[in-house]
Amino acid sequence: MNLPKIVDPRGNLTVAEQMKNIPFDIARVYWTYDVPSGERRGGHAHRTCEEIIIAVSGSFDVVLEDGRGGKETFHLNHPYQGLYVGTWVWRTLEDFSSGAVCLVLASELFDEDEYIYDYNEFLSKALL
């Protein structure tokens, strides 16, 4: 999804507003940075949490799987674009460039029980 990009000779500005250009109330914001070369992040799905993933600096790939054989890779490299990830979608973030910063807007507060870390459990529930 494209977020508003306000072009200004002094520097561009992008805005994310809940229930306006973000399709949910934002309960949590977090970011990942200094990811070592070759490392992956994610490797889980959420039961109830929706997210928007943004490459605010640098680039990385987000691999999404629906558990039914559908798999797609998205290359994020623009700070004015966000990738919406709904519930029950397995996500893996990989191929981080040097200096990449991954910003995530989440619909839920952190709750360990809300995460699905076991890929086989994810597949068994996704096929229902």
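Descriptive notes on the structure:
- The chain: calculated mean residue ellipticity at 222 nm from DSSP helix runs of at least 4, using -39500 (n - 2.57): -1500 deg cm²/dmol
- Cα gyration tensor shape for segment 1-89, rounded if a/c is under 1.5, else prolate or oblate: oblate
- Over all other residues within a Cβ to Cβ distance under 12 Å of ASP95, the charged ones net out to -1, with Lys and Arg as +1 and Asp and Glu as -1.
- The Cβ shell under 9 Å around ALA126 holds other residues with a net charge of 0, Lys and Arg each +1, Asp and Glu each -1.
- Furthest towards positive pole of dipole, LEU3, TYR115, GLN18, structure part segment 1-121, Cβ charges: LEU3
- Taken about its Cα centre, the chain carries a charge dipole of about 420 debye when Lys and Arg each add +1 at the Cβ and Asp and Glu each add -1 at the Cβ.
- Dipole magnitude of segment 29-69 about its Cα centre (Cβ charges: Lys, Arg +1; Asp, Glu -1), debye to nearest 20: 100 debye
- The chain: relative contact order as a whole-number percent, Cα under 8 Å and 6+ apart: 34 percent
- Accessible surface of GLU112 - all protein chains present, 1.4 Å probe, nearest 10 Å²: 100 Å²
- Here segment 18-123 carries DSSP beta bridges of which approximately 95% are antiparallel, counting only pairs with both residues inside.
- Near ASP111, once Lys and Arg are set to +1 and Asp and Glu to -1 for all other residues with Cβ below 12 Å from its Cβ, the sum equals -2.
The values are calculated or read from the model by the stated rules, or taken from the named source; none is laboratory data. Remember, it's a predicted structure, so these values are computed and weren't measured experimentally. Methodologically, a virtual Cβ is constructed for each residue, glycine included, from the backbone with ideal geometry; neighbour enumeration extends over all protein chains shown. These accessible areas exclude ligands, DNA and RNA; they are computed on the full protein's heavy atoms, side chains included. Shrake-Rupley method; radii C 1.70, N 1.55, O 1.52, S 1.80 Å.
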